[in-house]
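The values are calculated or read from the model by the stated rules, or taken from the named source; none is laboratory data. Bear in mind that the values here come from a model prediction, so they are computed numbers and not experimental data. Positions of Cβ are generated from backbone atoms using ideal geometry, with glycine treated the same way; all protein chains shown enter the neighbour counts. Only protein heavy atoms, including side chains, enter the accessible area calculation; ligands, DNA and RNA are left aside. Shrake-Rupley method; radii C 1.70, N 1.55, O 1.52, S 1.80 Å.
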Amino acid sequence: MTTDFNIDFKTETVKVSVVGKVATVELNRPESMNALDLEMIRGLAWNLKELCNSDDVEIVVLKGAGRAFSAGGDIKTMLSEGDESDFLAIMDSISELVVTLYSMPKLTISAITGAVAGLGFSLALATDYIVADSSSKLAMNFIGIGLIPDGGGHFFMKSRVGETKAKHLIWEGKPMLANEALELGLIDEVAMDIHASVQAKVDEWEKKPLQAMIKTKKIYAEENRLSLLKFLELEKIAQTKMRQTEDHKEGIQAFLEKRQPNFIGK
């Protein structure tokens, strides 16, 4: 039986269904490759909190509708001319979402198809197990528009590959094929059939003492909580400054004009 959790928070940009112990959370803006706007960010946080409170759900699968997992933060949001408090509110909503996803007392899986980039990649990295379709492309590509990773990207990249490698990957910002990401340790599995691979992992976990697995997750999440919060706060402060740079404005303009940016280091 499938249940819909979208009762109080009215957004079509997030769809949640529950079958047995497993909830599937779908990013649902396929026309924009599931770019994360404020409505989707808040919708995700609200729905994940609802799932946290469900005694029935023990596994959560995060996926994207259409041809991508998520292309990252919505460019229109970046172009908004609102005052600084508007941007800080967005960053606070991102932090709320990331902390909720990382620390939720459920086992979480990201099922990556198509592209995952920027903030979308940060979200995937916040989950416990990442399966990527063999044809998918992954990028921590904030550098391409003169920004730094947010959504805890620094924290999760360091956790996965270590500080030095994380810096190098962030500075390069190049798209990676799924096999490259697997070799680096950024993901856990490459799938020829994403649905079959996710189901196989779910079946494997359902045969184990899930509460013991969740307790281990909660211990790590609690131990790392202050560090993650510190990273999120530092990212918020730094990203606010980066948005005011000439390089960021040039990066956005180049993106819109589909050309290579001409950065000047200012």
TODO: With viscosity set to 1.002 mPa s and temperature to 20 °C, compute the Stokes-Einstein D of the chain, Rh being the Kirkwood radius across alpha carbon pairs; µm²/s, no decimals.
DONE: 115 µm²/s
Open item on the list: Within segment 83-186, what whole-number % of the accessible surface is contributed by carbon and sulfur, with the 1.4 Å probe and all protein chains included in the calculation?
Closed with: 53 percent
TODO: Pop out the ³J(HN,Hα) list for segment 28-43 in order, Karplus 6.51 cos²θ - 1.76 cosθ + 1.60 with θ = phi - 60°, rounded to Hz; leave Gly and Pro as x.
DONE: 10, 10, x, 5, 10, 6, 6, 4, 8, 9, 4, 4, 5, 4, 5, x
Task: Distant-in-sequence amide H partners of residue 112 (H built 1.01 Å from N, under 5 Å) - done: 131, 132, 133
TODO: Using only alpha carbon pairs under 8 Å that are at least six residues apart, calculate the relative contact order of the chain and give it in whole percent.
DONE: 16 percent
Open item on the list: Counting heavy atoms of the protein chains only and a 1.4 Å probe, report the per residue accessible area for the chain as a whole number of Å².
Closed with: 49 Å²
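Could you compute Rg(Cα) / (2.2 N^0.38 Å) for segment 171-253, with N its residue count? List each step's numbers first, then the result.
Details: Rg = 19.1 Å, N = 83, 2.2 N^0.38 = 11.8 Å.
Taking N as the residue count of segment 171-253, the ratio is 1.62.
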Task: Span from the segment 157-173 Cα centroid across to the segment 240-266 one, whole angstrom - done: 22 Å
Task: segment 152-162 - phi-based ³J(HN,Hα) in whole Hz, Karplus 6.51/-1.76/1.60, Gly and Pro as x - done: x, x, 4, 4, 6, 5, 4, 4, 7, 10, x
Task: Relative packing of 208-221, 227-240, which averages over residues the other C-beta atoms within 10 Å, highest first - done: 227-240, 208-221
Task: Degrees between helix 194-206 axis and first principal axis of the chain (Cα, 0 to 90, nearest 10) - done: 50 degrees
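Which of rounded, prolate or oblate describes segment 41-197 when judged by the alpha-carbon gyration tensor and an a/c cut-off of 1.5?
Values: a/c = 1.56, a/b = 1.06, b/c = 1.48.
The shape class here is oblate.
Share of antiparallel DSSP beta bridges in the chain, in percent to the nearest 5?
Taking every DSSP beta bridge with both residues in the chain, the antiparallel ones total about 30 percent.
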